[in-house]
Amino acid sequence: MRKTFLEGRCEGGLYPLQPPSASSNKQALGVVKASISLWHSCLGHASSSVIQQIVSRHKLGVSSSSNCSGVVCDAYQMGKSNQLPYPKSNSVSSKPFELVFSDVWGAAPNSVGRHSYYVSFIDDFSKYTWIYLLRFKYEVFQCLRDFQNMVERQFNHKILAVQPDWGGEYLPLNTFFTRLGIAHHVSCPHAHQQNGSAKRKHHHIVEVGLSLLAHASMRLKY
């Protein structure tokens, strides 16, 4: 043991094996070709087509018994898993304020007037949207009451149902809705797709706001 078999210089990060001299003892050198499954693991569990392309382009050694098309592993399946799409809603409102979507956006990193949040109320019938600026999330309750008083007097329609997510700022409203006879629809936890109308509206509002700020040549911190 502890006997040096070969010595050589490093060339480009590799140690080439020089052919033995005629006076030295005979040597036998062998290389074990890696299997497709080993290349699959070394390449970060890539797909079969990617492995085949890399092996072919770089002429990598692969054992003849390996089959690229048969490589399926649990890690690959778990890494590529995606949530199935939600079914489209068939719910259609027949009059204003039959259903109102609501959600809170924020917090904004920098804001004027220390308003770091806003709450939106979206009428499902007309898609008209009202926005109230908030400094704290607990102000949602007061904004909802102001919104209810305004629309029920201005438009002469009662709010029949409100659908927010199950965020903490909406939990105290459940008793308020029950007392007034307003149906309180909530989405399942971690299922923002069920409140897609409010999420898409947030996306639109933020994009419009950024466009207006850019057009006004506002500083990037805004």
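The values are calculated or read from the model by the stated rules, or taken from the named source; none is laboratory data. Since the structure is predicted, the reported quantities are computational estimates derived from the model, not experimental observations. Positions of Cβ are backbone-derived with ideal geometry, glycine not excepted, and every protein chain shown enters the neighbour counts.
Residues checked against (1) surrounded by fewer than 20 Cβ atoms within 10 Å (Cβ to Cβ); (2) over 26 Å from the mean Cα position of the chain (by Cα); (3) within 12 Å of VAL104 (Cβ to Cβ); (4) not assigned by TED's automatic domain parsing to the domain that holds LYS199:
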{"residue": "ILE122", "(1), (2), (3), (4)": "no, no, no, no"}
{"residue": "PHE125", "(1), (2), (3), (4)": "yes, yes, no, no"}
{"residue": "TYR132", "(1), (2), (3), (4)": "yes, yes, yes, no"}
{"residue": "PHE141", "(1), (2), (3), (4)": "yes, yes, yes, no"}
{"residue": "ASP146", "(1), (2), (3), (4)": "yes, yes, no, no"}
{"residue": "PHE155", "(1), (2), (3), (4)": "yes, yes, no, no"}
{"residue": "GLY167", "(1), (2), (3), (4)": "yes, no, yes, no"}
(request) Taking LYS26 as the residue in question, decide whether it is of a type outside the set (A, V, I, L, M, F, W, C), modelled with pLDDT of 70 or more and in a loop (DSSP other than H, G, I, E, B). (result) no
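Hey, does segment 207-218 have a residue that's in contact with a helix residue (DSSP H, G or I) (Cβ under 6 Å, 6 or more places away or on another chain) and either within 15 Å of GLN163 (Cα to Cα) or modelled with pLDDT under 90 (or both)?
Residues of segment 207-218 in contact with a helix residue (DSSP H, G or I) (Cβ under 6 Å, 6 or more places away or on another chain): none.
Taking every residue of segment 207-218 in turn, none turns out to be in contact with a helix residue (DSSP H, G or I) (Cβ under 6 Å, 6 or more places away or on another chain) and either within 15 Å of GLN163 (Cα to Cα) or modelled with pLDDT under 90 (or both).
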(message) Can you pull out every residue in segment 71-119 that is on the phi > 0 side of the Ramachandran plot and either in a loop (DSSP other than H, G, I, E, B) or modelled with pLDDT under 70 (or both)?
(response) PHE97
(message) Please go through segment 110-147 and give me each residue that is hydroxyl-bearing (Ser, Thr, Tyr) and over 19 Å from GLY167 (Cα atoms), ordered by number.
(response) SER111, SER126, TYR128, THR129
(message) I'm trying to understand the selection: among the residues of segment 196-222, which are charged (D, E, K, R) and more than 18 Å from VAL100 (Cα to Cα)?
(response) GLU207, ARG219, LYS221
(message) Can you find, within segment 93-132, the residue that is farthest from ARG219 (Cα to Cα) among those that are of a type in the set (S, T, N, Q) and in contact (Cβ under 8 Å) with a residue 40 or more places away in the chain?
(response) SER102
